[in-house]
Amino acid sequence: IKGYYTLLLVLNAAVIGRFVALDFLLFYLFFEFMLLPMFFLIGIWGGPRREYASIKFFLYTLLGSILILIVMIALYCSVQHPDESGRIVHTFNILHMQNPLNYISNSILDPNNAWQLGMWDARMWAFILLFIGFGIKLPVVPLHTWLPDAHVEAPTPISVILAALLLKIGGYGLLRVAYPVFPEAAVQAGMWVGIIGVLSIIYGAFNALASKDLKRLIAYSSVSHMGFVLLGMASLTTEGVTGATYQMFSHGMISALLFLIAGVLYDRTHDRLIDNYSGLATKMPVYFSLVLVGFFASLGLPGFSGFIAEIMVFVGAFASAGVNGILHQILAIIATGGLVLGAAYYLWTIQRMFFGTLHVKAAIPDTQLYDVNSRELVTMLPLALAAFAFGIYPQPLLDVINPFAQQLVDHVLHHAANLQR
């Protein structure tokens with residue numbers, strides 16, 4: 001027990017450090033500190049295939065870390081502190097890296113450096129490496145395969161932290177580092193970022209539809225919903241970036257609720273297979289009500305936070321200008337298929353597990369299928385209420401996100417135009 005909670009506290013500390021660090025070296029160190037606690041939490045306290053899932057998670061995340069490390073070293077060698085005069089003082093400050101005037105002349109990532117490798121210059125290659133590194137964490141298709149295994153084998157509290165916080169680190173890294181530091185590359189790669197986002201939406205939804213394990217279904221729905229984050233970023237509009245950020249916040253609440261829902265059932269029966277249950281609504285009415293809130297919030301029903309996020313992503317995609325704007329509008333139309341598939345796999349799960357005659361294939365006694373207790377209710381009810389509250393009245397959060405989104409879009413478009421000239 002001591003080991004479990006020690007690792008959990010280290011993991012939470014690393015997550016907090018990751019979100020508050022403006023020094024790239026600290027940013028990277030906290031990224032690495034998250035790796036080991038999660039590896040042991042899954043590998044020791046996970047399910048039957050915990051070793052496989054933990055090693056797969058470790059290798060994927062380590063690959064992303066190495067790619068980010070390469071770019072970090074290149075940036076450190078290319079950026080100088082703006083306050084120094086007469087001598088070059090290198091810096092890890094992310095805010096200094098966002099200003100093209102702080103780059104050392106003829107350094108590897110100097111915007112005026114004509115160095116090319118293949119069809120791209122050094123800055124485009126750096127953006128690609130960062131996109132892959134953070135994309136593994138988001139995760140994006142085809143870099144997502146570690147996520148379903150990690151979620152299925154992880155204990156419920158670890159699945160909650162993984163879905164609610166760790167996935168958002170990928171999106172945060174793109175918005176904090178990749179886009180503002182390499183604005184011209186972000187504009188050039190916008191089409192591909194959007195395509196990868198839509199591919200994640202559709203592919204994740206189809207896999208969720210085919211999933212027989214409840215936690216695997218929720219894991220693939222996370223892959224699908226993170227695709228909306230990429231689609232919003234790719235539009236490079238204030239509405240799109242606001243929608244992407246709101247989606248990360250909304251998904252953090254909803255996915256935590258969904259994994260707690262799966263954990264409650266597994267705690268009673270030690271079985272997560274959807275086909276092994278039916279008629280649970282009559283036996284567990286309060287649990288069924290929380291399931292409805294979680295599922296409907298996740299599929300983007302109006303009145304829940306997921307709807308606000310997705311509608312803003314679509315508005316941002318349709319507001320995108322130029323030739324790429326037409327492509328983003330087409331991608332947004334295709335992405336609506338993910339909403340239809342989301343409704344399909346959630347409603348089908350409700351129909352199979354909660355309607356009809358009460359039945360549990362594993363021959364679990366009825367006494368074990370008791371409704372949620374006070375501890376579980378206190379854990380899940382605030383998440384359900386928050387998903388509803390931020391769907392009815394999102395303005396307090398939008399007031400925080402909008403200035404950031406506007407500043408980021410203005411920065412990227414302004415510097416991209418100057419650098420391309």
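The values are calculated or read from the model by the stated rules, or taken from the named source; none is laboratory data. Because the structure is a prediction, the values reported are computed rather than measured. Using ideal geometry, Cβ is built from the backbone for each residue, glycine included, and neighbour counts are taken over all protein chains shown. Ligands, DNA and RNA are stripped out before the accessible areas are found, and what is left, the full protein with its side chains, is counted by its heavy atoms. Shrake-Rupley method; radii C 1.70, N 1.55, O 1.52, S 1.80 Å.
Listing for the model above:
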item	result
Note, ³J(HN,Hα) from phi for the stretch 179-187, Karplus 6.51, -1.76, 1.60, rounded to Hz, x at Gly and Pro	5, x, 7, 10, x, 5, 5, 4, 5
Gap separating the Cα centres of the stretch 133-200 and the stretch 1-69, nearest whole Å	15
Per-q log10 I(q)/I(0), the chain, q = 0.08, 0.11, 0.12 Å⁻¹ (Debye; single scatterer per alpha-carbon; no solvent)	-0.44, -0.81, -0.95
Cα-only radius of gyration and Dmax that characterise the stretch 37-167, units Å	19.0, 61
Relative pair counts by distance (%), Cα atoms of the stretch 274-419, 10 Å bins	10, 26, 29, 18, 11, 5, 1
Those GluC sites (Glu not before Pro) in the stretch 25-101 that DSSP places in a loop and that have at most 14 other beta carbons within 10 Å	GLU84
Principal-axis tilt of helix 50-78 within the chain, Cα atoms, nearest 10 degrees	20
Other-chain or far-sequence residues with amide H under 5 Å of VAL79's (modelled H)	THR91, ILE104
Gained length - TYR266 relative to VAL89, 0.36 nm times residue gap less alpha-carbon distance	58.2 nm
Accessible-area value, LEU59, 1.4 Å probe, nucleic acids and ligands omitted, Å²	100
Rounded Å value of the spacing that divides the Cα centres of the stretch 274-334 and the stretch 347-421	9
Cα-based helix-to-principal-axis angle, 305-319 vs the chain, degrees rounded to 10	40
Value of relative contact order over the stretch 2-153, rounded to a whole percent, pairs C-alpha under 8 Å and six or more apart	23
Efficiency of FRET between MET119 and TYR393 - r from beta-carbon atoms, R0 41 angstrom, step 0.05	0.30
Helix-only CD estimate at 222 nm, as mean residue ellipticity for the chain, using -39500 (n - 2.57) per DSSP H run (n ≥ 4)	-24000 deg cm²/dmol
Among LEU130, LEU280, LEU101, residue whose mean-square fluctuation peaks in a GNM of the chain (springs only between Cα atoms under 10 Å)	LEU101
Percent breakdown of C-alpha pair distances by 5 Å bin, ordered from the shortest bin, for the stretch 209-363	2, 10, 18, 21, 16, 12, 9, 6, 4, 2, 1, 0, 0
Normalised contact order of the chain, rounded percent, pairs of Cα under 8 Å and 6 or more residues apart	16
Alpha-carbon Rg/Rh ratio, for the stretch 213-264, with Rh computed the Kirkwood way	1.09
C-alpha long axis of helix 238-269 to longest principal axis of the chain, angle in °	30
Heavy-atom SASA rank of MET284, MET191 (probe 1.4 Å, accessible area, largest first)	MET191, MET284
Relative packing of 162-173, 337-348, which averages over residues the other C-beta atoms within 10 Å, highest first	162-173, 337-348
